[in-house]
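Trainee: If you scroll down you'll find the structure; I have some questions about it.
The values are calculated or read from the model by the stated rules, or taken from the named source; none is laboratory data. If you're wondering where the values come from, they're calculated on a predicted model, not measured in any experiment. Quick reminder, even Gly has a Cβ in these numbers, built from the backbone with ideal geometry, and neighbours come from all protein chains shown.
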Amino acid sequence: MDDEARATGLGPVPDREPKDSSKGGPRRGRRSPYRHPRPGEPRNGAGAKAFGGGGFGGAADLSGPTYAALDLGTNNCRLLVARATRDGFRVVDAFSRIIRLGEGVSTSGRLSEAAIVRAVEALRVCGAKMRNRGVTRRRLIATEACRAAGNGLDFLDRVRDQVGIELEIVDRETEARLAATGCTPLVDPQAQGVILFDIGGGSSELVRLGPCEPMQHGPPHPAIQGWTSMPIGVVTLAERHGGVTVTPESFERMVTEVAVYVGRFAEMHGGTDGVHMLGTSGTVTTIAGVYLDLLRYERRRVDGCWMSDEQVTGVIGRLLGMSYEARVANPCIGAERADLVLAGCAILEAIRRAFPCPRLRVADRGLREGMLVQMMREDGVWQ
């Protein structure tokens with residue numbers, strides 16, 4: 001579950017360290033999307049800016065650990081390093097790289113040597129960043145690729161021996177709950193419920209959320225009413241149906257395959273009166289970037305962005321009408337996503353047909369933020 005990594009949307013994601021645009025050195029960090037609103041300030045929903053939407057803040061750090069959250073997924077390796085503040089947390093370092101660890105797992109049942117090498121190289125960078133930042137509290141997880149691969153545990157041993165990092169393979173329920181925790185600040189407080197989806201590389205999660213109760217300090221807790229994890233993601237779907245050349249017919253075949261899984265969840269957790277969608281993944285952030293006609297990917301404009309059902313339909317149609325070369329040339333897609341984005345759109349289309357909500361909110365956040373929030377809550381940061 002993880003299809004979102006990029007700083008610019010152009011090809012492989014560069015290693016990212018926050019910079020101070022005025023001084024050229026490390027900046028103080030971005031304001032947490034989880035910070036507690038100040039008196040008179042709007043809460044989440046209409047308050048995308050209040051929760052950051054990629055915003056920056058200057059809240060003083062609290063004493064305590066430097067935290068790290070690492071998500072090693074089917075498609076991406078991503079790290080956040082943060083320190084707790086009174087109203088959330090401040091990101092002090094980040095890393096994101098497309099590695100395609102799960103490439104070929106759906107057919108071979110194993111992680112390939114080339115994919116392992118890519119992952120190990122990315123994890124070395126993450127290990128160095130955590131050491132350089134003095135991280136003392138961390139959670140480092142692996143998801144579907146390692147769950148599904150017959151040599152997943154051997155890969156973890158290799159990472160431990162070669163990189164000195166101990167990865168934890170989490171189950172699908174944990175993955176869904178962490179994603180919900182990470183995205184809850186973007187739930188419209190006036191909504192009667194939310195259909196949260198996370199379209200990953202090897203699996204995709206659906207969560208039905210009820211109205212969230214605001215907390216006195218820190219982000220709200222997710223009100224999870226139901227969840228499911230589908231063993232299908234952009235990498236696995238594109239490998240089965242093709243991702244370079246996608247016709248309306250092959251697109252519809254992908255939608256039909258996904259609809260079988262989505263339909264089972266909709267039977268138990270359907271009903272969309274007063275409900276909006278909330279999406280976290282590279283698919284939905286790409287759709288938002290294309291909708292906004294961004295010349296380069298801008299998290300501040302994408303995270304918290306609202307789109308109507310008609311606008312989402314329009315962008316999917318636009319992407320389906322593009323050639324592979326045109327998708328590569330689009331600054332919010334690039335060569336690393338051009339063969340995956342329509343598989344992601346097919347997963348989203350199946351979800352939209354089962355849950356016809358009038359609005360979709362886009363989240364450029366998820367598992368890593370959920371892990372940070374969970375660790376800080378366990379440490380009593382916001383008590």
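Trainee: Any idea which of Arg301, Arg296 is buried (at least 16 other Cβ atoms within 10 Å of the Cβ), of a type outside the set (A, V, I, L, M) and farther than 17 Å from Ala354 by Cβ?
Mentor: Arg301
Trainee: For the stretch 110-190, give me every one of the helices (runs of 4 or more DSSP H) that falls completely inside it and has 1 or more residues that are within 20 Å of Gly370 (Cβ to Cβ).
Mentor: Where helices (runs of 4 or more DSSP H) fall fully within the stretch 110-190 and carry at least 1 residues being within 20 Å of Gly370 (Cβ to Cβ), they are 113-132, 144-148, 172-183.
Trainee: If you go through the stretch 214-264, how many residues are among the aromatic types (Phe, Trp, Tyr) and over 21 Å from the mean Cα position of the chain (by Cα)?
Mentor: 1
Trainee: For the stretch 77-100: of the residues being outside any strand (DSSP E or B) and under 17 Å from the mean Cα position of the chain (by Cα), which is surrounded by the fewest Cβ atoms within 10 Å (Cβ to Cβ)?
Mentor: Top of the filtered list is Arg100.
Trainee: Within the stretch 263-283, does at least one residue satisfy the condition of being assigned to a helix (DSSP H, G or I), acidic (Asp, Glu) and either under 21 Å from Cys212 (Cα atoms) or without any contact (Cβ under 8 Å) to a residue 40 or more places away in the chain (or both)?
Mentor: Applying the first criterion (assigned to a helix (DSSP H, G or I)) to the stretch 263-283 yields 263-269, 282-283.
Subsequent filtering for residues that are acidic (Asp, Glu) retains 267.
Right, trim to either under 21 Å from Cys212 (Cα atoms) or without any contact (Cβ under 8 Å) to a residue 40 or more places away in the chain (or both) and you get 267.
Looking for residues that are assigned to a helix (DSSP H, G or I), acidic (Asp, Glu) and either under 21 Å from Cys212 (Cα atoms) or without any contact (Cβ under 8 Å) to a residue 40 or more places away in the chain (or both), one finds at least one in the stretch 263-283, hence yes.
Trainee: How many of the residues in the stretch 361-383 are surrounded by fewer than 24 Cβ atoms within 10 Å (Cβ to Cβ) and either at positive phi or under 15 Å from the mean Cα position of the chain (by Cα) (or both)?
Mentor: The number of residues fulfilling the criteria is 1.
Trainee: crowded, with 17+ Cβ neighbours inside 10 Å and of a type outside the set (Phe, Trp, Tyr): which single residue out of Thr272, Thr286 fits that description?
Mentor: Thr286
Trainee: Filtering the stretch 304-343 down to residues that are among the polar types (S, T, N, Q) and in a helix (DSSP H, G or I), which residue is surrounded by the fewest Cβ atoms within 10 Å (Cβ to Cβ)? Outline the logic, then answer.
Mentor: Restricting attention to the stretch 304-343, the residues satisfying the condition of being among the polar types (S, T, N, Q) are 308, 311, 313, 323, 330.
Then keep just the ones that are in a helix (DSSP H, G or I); that gives 311, 313.
On the way: Gln311: 15, Thr313: 13.
Filtering first and then ranking leaves Thr313.
Okay, residues lined up against (1) out of contact with any helix residue (DSSP H, G or I) (no Cβ under 7 Å at 6 or more places or on another chain); (2) not hydrophobic (A, V, I, L, M, F, W, C):
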position: Ile287; (1), (2): no, no
position: Gly321; (1), (2): yes, yes
position: Ala338; (1), (2): no, no
position: Leu348; (1), (2): no, no
position: Ala354; (1), (2): no, no
position: Pro358; (1), (2): no, yes
position: Asp364; (1), (2): no, yes
position: Val373; (1), (2): no, no
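Trainee: Of all residues in the stretch 232-256, how many are of a type in the set (A, V, I, L, M, F, W, C), surrounded by 23 or more Cβ atoms within 10 Å (Cβ to Cβ) and not in a helix (DSSP H, G or I)? Give the steps one after another, and end with the answer.
Mentor: As a first pass, look at the stretch 232-256 and keep what is of a type in the set (A, V, I, L, M, F, W, C): 232, 234-235, 237-238, 244, 246, 251, 254-255.
Going one step further and asking which of them are surrounded by 23 or more Cβ atoms within 10 Å (Cβ to Cβ), we end up with 232, 234-235, 237, 246, 254.
Restricting the remaining residues to those that are not in a helix (DSSP H, G or I) gives 232, 246.
Adding up the residues that qualify gives 2.
Trainee: Yes or no: Phe155 farther than 26 Å from Ser108 by Cβ, surrounded by 22 or more Cβ atoms within 10 Å (Cβ to Cβ) and either outside the structural domain of Leu111 (by TED's automatic domain parsing) or touching a helix residue (DSSP H, G or I) at 6+ places or on another chain (Cβ under 7 Å) (or both)?
Mentor: No; evaluated as a whole, the condition is false for this residue.
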